[in-house]
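Q: Mind looking over this structure? Questions follow.
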Amino acid sequence: MADLLIVDDEPNVLNALRRMCMNRTATPAIPDPHVATFAAPLEALAYMRTNRVDLVISDYRMPEMDGASFLTKAKMLQPDAARMILSAFSDMEGIVRAINDAGIFRFVAKPWGDTELRASIVQVLEHRDMMLENRRLADEVRQQQDIISRQQLELVRLEAESPGITRVRWTPDGGVLIEE
Amino acid sequence: MARTEPNTMRSALVLKKVPRQSPVLDAPGAASITGKLNDFAWICALYELGQTAAAGVDPLKVQQDILKHIVSGLDAESGSIALIVEGTDDLLEIVAGTDLPPGTVGSRLPRGVGVFGHVVATGQPLLINGDAAETRLPVQINERRDRATHSAMCWPLRVQERTIGALAVNRAAGLPKYSVEDLDRGQVLTSLLALVMANHRMHVERENRILELSTLNDAMQRMNALLEDAQNQLIQSEKLASIGQIAAGVAHEINNPVGFVLSNLGALESYVGSLFALAEAADAAGARSTGEPSPEGVSPGQALRDGTDIEFLRTDIAALLAESRDGLGRVKAIVQDLKNFSRGGADESWELVDLHAALESTLNIVRNEIKYKARIETRYGALPEVECLPSRLNQVFLNLLVNAGQAIEANGRLLIETGVEGTEAWIAVEDTGCGIPKEHLNRIFEPFFTTKPVGQGTGLGLSLSYSIVRKHGGRIDVDTEVGRGTRFTVRLPLRQPRAAVPATSV
Ligand SMILES: Nc1ncnc2c1ncn2[C@@H]1O[C@H](COP(=O)(O)OP(=O)(O)O)[C@@H](O)[C@H]1O
Ligand SMILES: [Mg+2]
């Protein structure tokens, strides 16, 4: 299941992009796509407050705000959603902002080629999955390290309370060996 | 054989003022002179010679011909004419001569020198009989030693109290000497000659002036052509620059539709693919179902049809086609608008034009540049067609619209208004932008005056717009307030006074 959110002030572009994403006979196809489209960035942001999104694709030039600003706000709402810009034109300054502030994964120029764009989307989604997976693993490792260090802390406390206790050796029958 | 006059020295030099009533000296040969001078045909011929000057004949040749005519009329052997050089008081130039040493014609005589100098200085005619070499005059009119001058006459050429030069004729030894009578009669002749010469000179002067004027005119026309060329080049480069300013919008307007139309074709391809598959399956199922109906009463074709959402395809294909058509229409329109804008060089002709169509066409190419910052409003009045150079006017509109767009930071409004007042159409472009400070207001029409960074402004937009509007016999007014906005109003006469409107515009 891939949740895509697409923003473009041009409804015809939104329709075409939806058709392209939903096309399952093409290769590569987007796995199990679910597409939400918005002509207004503000409405898209409202949607993102209550709906999880995997990938946000935005136009650059739009009436309410430009793509870089929109994606910067989207990033604050859902940092884990991947971000792309699909634009007919942008100046250098816009691209720089999109990369530095909005942390976009891709910048695709219009007119786009369906195959290339779908491939980009699939790649970005995979990339994002991998990142999320890496992070999950890293978290797990950290958590385990956490458990280990808590046990160590407990040992230190016990030793302070009753010195030598951590060095107590137990006999197989439950007795205590005390070495003098 | 020399005839000694009573009051001359041995050398027979006459340097006397000739009294009006000098006695007729009946010298042999003198009669023939008088005869010729009284010959009406001869005088007419002289006058005609003077007239030929008007026809632009080489003046030196005319003077030479006149002199020859006179020399023969006076039964002289040789003669010469000297004229005061234009722009000097008394510098004389020999302009014609018969039987003179080479190089004499065109030579100049300094002030007061020689018989000519004397005659011009005194304004009195002179008769010289005897050996001219022995005269007390500094230089002789004819110094050929081998044929010493025997008798000579020299008259000043006068026009309206002004001496313009002198004429001299000579007889060599062997011919009768000139008499005072001859001198007197010759005087009448020379006043006629002076008139002819002066007339000739005037013609020449006038012709020179006409020539001068026409070369000046030619030079001016060449300059004008150069200026016009430069202006046209400037207009072209301003066009390019302003296209640069709207490039983002134009790219947007072309790449967006091209993008979705291409993409739609991809979708359509896959739709058509599933429809074909469906049709094939239906065919196959139909063939089988005629033989043995399935036990459940549902054909495989029916099942496939349920899998492919035919209803969806039906509506989406219709939408897809309509959207694609719309997109291609937009690309076509912007390309046409760009063409409208860039066409028309120096040879563009006056046309009757619907200015609203022109405004819309120009607005189309800037709309994408502006719509993100400003709401675009139009309030068109009832405008008749206006006689204009359409692509030039489009450039004016484009400049005003781009300027208005650039003046607005965000959330602005751009209003385009039109109307008619008397015999004038007016077009106003109003923005809610930054406005123009007073200290800039009288400079904005200056070429290269810009407050914009390189790449955004050339400073040529308004100056060219101004000259284009002036060429239409119109004007541009500005109304502005810093922080509130600016309104530019272009006023154009509905009809151009000069030319009839070409039929092409109908
Ligand atoms: N609508 C406007 N609002 C504010 N300032 C304007 C407007 N139009 C023109 N100007 C001022 O006039 C200057 C000259 O305009 P123009 O000749 O079109 O050159 P350019 O736009 O390339 O600078 C501009 O740089 C700007 O300062
Ligand atoms: Mg300008």
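Q: Go through segment B:230-255 and give me each residue that's buried (at least 22 other Cβ atoms within 10 Å of the Cβ) and either among the hydroxyl-bearing types (Ser, Thr, Tyr) or without any contact (Cβ under 8 Å) to a residue 12 or more places away in the chain (or both).
A: Across segment B:230-255, the qualifying residue is only B:Ser242.
Q: Only residues that are of a type in the set (Val, Ile, Thr), crowded, with 21+ Cβ neighbours inside 10 Å and within 13 Å of chain B (Cβ to nearest Cβ): list them for segment A:1-46, please.
A: Result: A:Ile6, A:Val13.
Q: For the list (1) away from ligand 1 (no atom under 15 Å from the Cβ); (2) more than 28 Å from B:Ala230 (Cα to Cα); (3) not in a helix (DSSP H, G or I), I need the number of the one condition that B:Ile376 fails.
A: Going through the list (1) away from ligand 1 (no atom under 15 Å from the Cβ); (2) more than 28 Å from B:Ala230 (Cα to Cα); (3) not in a helix (DSSP H, G or I), B:Ile376 breaks only (1).
Q: Further, regarding this structure: Give me the residue from segment B:456-490 that is within 12 Å of ligand 1 (Cβ to nearest atom) and part of a loop (DSSP other than H, G, I, E, B) and, out of that set, modelled with the lowest pLDDT.
A: Among those residues, the one meeting the criterion is B:Gln456.
Q: Of everything in segment B:374-397, what is surrounded by fewer than 21 Cβ atoms within 10 Å (Cβ to Cβ) and under 29 Å from A:Asp59 (Cα atoms)? Give them in sequence order.
A: B:Arg375, B:Ile376, B:Glu377, B:Thr378
Q: Taking the options B:Gly259, B:Gly186, B:Gly174, name whichever one is within 14 Å of chain A (Cβ to nearest Cβ) and either assigned to a helix (DSSP H, G or I) or surrounded by fewer than 17 Cβ atoms within 10 Å (Cβ to Cβ) (or both). Reasoning before the result, please.
A: Working: B:Gly186 fails: within 14 Å of chain A (Cβ to nearest Cβ); B:Gly174 fails: within 14 Å of chain A (Cβ to nearest Cβ).
So the residue among B:Gly259, B:Gly186, B:Gly174 that is within 14 Å of chain A (Cβ to nearest Cβ) and either assigned to a helix (DSSP H, G or I) or surrounded by fewer than 17 Cβ atoms within 10 Å (Cβ to Cβ) (or both) is B:Gly259.
Q: Can I ask one more? State yes or no: is A:Met92 without any contact (Cβ under 8 Å) to a residue 12 or more places away in the chain and under 24 Å from A:Met22 (Cα atoms)? Let's see the steps before the verdict.
A: Numbers: without any contact (Cβ under 8 Å) to a residue 12 or more places away in the chain: yes; under 24 Å from A:Met22 (Cα atoms): no.
Taking the combined requirement at face value, the residue does not satisfy it.
Q: Within the group A:Ala160, A:Ala88, which residue is modelled with pLDDT under 85, small (Gly, Ala, Ser), over 30 Å from B:Asn256 (Cα atoms) and surrounded by 10 or more Cβ atoms within 10 Å (Cβ to Cβ)?
A: Checking each option against the conditions leaves just A:Ala160.
Q: Of everything in segment A:112-133, what is open to solvent by less than 30 Å² (accessible area, probe 1.4 Å), of a type in the set (A, V, I, L, M) and within 14 Å of chain B (Cβ to nearest Cβ)? Give them in sequence order.
A: Across segment A:112-133, the qualifying residues are A:Leu117, A:Ile121.
Q: Do the conditions hold for B:Pro453, that is, is it within 9 Å of ligand 1 (Cβ to nearest atom) and modelled with pLDDT under 85?
A: Working: within 9 Å of ligand 1 (Cβ to nearest atom): no; modelled with pLDDT under 85: yes.
When the stated conditions are applied, B:Pro453 does not pass them.
Q: With respect to B:Asn403, determine if the residue is within 16 Å of ligand 1 (Cβ to nearest atom) and over 21 Å from B:Ala333 (Cα atoms).
A: So B:Asn403 passes the test.
Q: Another question, then. Take the residues of segment A:59-72 that are under 15 Å from A:Gly103 (Cβ atoms) and within 14 Å of chain B (Cβ to nearest Cβ): which is surrounded by the most Cβ atoms within 10 Å (Cβ to Cβ)? Break it down stepwise before answering.
A: Quick first cut of segment A:59-72, residues under 15 Å from A:Gly103 (Cβ atoms) only: A:67-72.
Those still in the list that are within 14 Å of chain B (Cβ to nearest Cβ) too: A:67-70.
Working: A:Gly67: 31, A:Ala68: 25, A:Ser69: 18, A:Phe70: 27.
This residue is A:Gly67.
Q: Got at least one residue in segment B:389-404 being touching a residue at least 60 places away in the same chain (Cβ under 8 Å), away from ligand 2 (no atom under 16 Å from the Cβ) and away from every other protein chain (no Cβ under 14 Å)?
A: So far as segment B:389-404 goes, yes, one or more of its residues are touching a residue at least 60 places away in the same chain (Cβ under 8 Å), away from ligand 2 (no atom under 16 Å from the Cβ) and away from every other protein chain (no Cβ under 14 Å).
Q: Does B:Pro453 satisfy the condition of being within 13 Å of ligand 2 (Cβ to nearest atom), within 14 Å of another protein chain (Cβ to nearest Cβ) and surrounded by fewer than 18 Cβ atoms within 10 Å (Cβ to Cβ)?
A: Yes: the conditions hold for B:Pro453.
Q: Considering each residue of segment B:323-363, count those that are modelled with pLDDT of 85 or more and closer than 13 Å to B:Pro257 by Cβ, and give that number.
A: 10
Q: Just checking, does segment B:424-438 include any residue being within 17 Å of B:Asp479 (Cβ to Cβ), under 33 Å from the mean Cα position of the chain (by Cα) and within 8 Å of ligand 1 (Cβ to nearest atom)?
A: Among the residues of segment B:424-438, not one is within 17 Å of B:Asp479 (Cβ to Cβ), under 33 Å from the mean Cα position of the chain (by Cα) and within 8 Å of ligand 1 (Cβ to nearest atom), which makes the answer no.
Q: Conditions: (1) in contact with a strand residue (DSSP E or B) (Cβ under 8 Å, 6 or more places away or on another chain); (2) within 16 Å of ligand 2 (Cβ to nearest atom). B:Asn255 meets all but one. Number of the miss?
A: Every listed condition holds for B:Asn255 apart from (2).
Q: Residues in segment A:85-111 that are more than 14 Å from every other protein chain (Cβ to nearest Cβ) and not aromatic (Phe, Trp, Tyr): how many?
A: Matching residues across segment A:85-111 total 10.
Q: Report yes if B:Asp337 is open to solvent by less than 50 Å² (accessible area, probe 1.4 Å) and acidic (Asp, Glu), otherwise no. Step through it out loud before you land on a result.
A: Numbers: open to solvent by less than 50 Å² (accessible area, probe 1.4 Å): yes; acidic (Asp, Glu): yes.
Considered against the rule, which asks whether it is open to solvent by less than 50 Å² (accessible area, probe 1.4 Å) and acidic (Asp, Glu), B:Asp337 comes out as yes.
Q: Just checking, which of B:Arg158, B:Arg209 is open to solvent by 60 Å² or more (accessible area, probe 1.4 Å) and part of a helix (DSSP H, G or I)?
A: Numbers: B:Arg158 fails: part of a helix (DSSP H, G or I).
The unique qualifying residue is B:Arg209.
Q: Taking the residues in segment B:271-282 that are modelled with pLDDT under 90 and at the interface with another protein chain (Cβ under 9 Å from one of its Cβ atoms) as candidates, determine which candidate is surrounded by the fewest Cβ atoms within 10 Å (Cβ to Cβ).
A: Keep residues of segment B:271-282 that are modelled with pLDDT under 90, which gives B:273-282.
So of that shortlist, the ones also at the interface with another protein chain (Cβ under 9 Å from one of its Cβ atoms) come out as B:273-274.
Working: B:Gly273: 12, B:Ser274: 17.
The qualifying residue surrounded by the fewest Cβ atoms within 10 Å (Cβ to Cβ) is B:Gly273.
The values are calculated or read from the model by the stated rules, or taken from the named source; none is laboratory data. Computed from a prediction, not measured in an experiment: that's the story for all the values here. Quick reminder, even Gly has a Cβ in these numbers, built from the backbone with ideal geometry, and neighbours come from all protein chains shown. Protein only, heavy atoms only, side chains kept; ligands, DNA and RNA dropped before computing areas. Shrake-Rupley method; radii C 1.70, N 1.55, O 1.52, S 1.80 Å.
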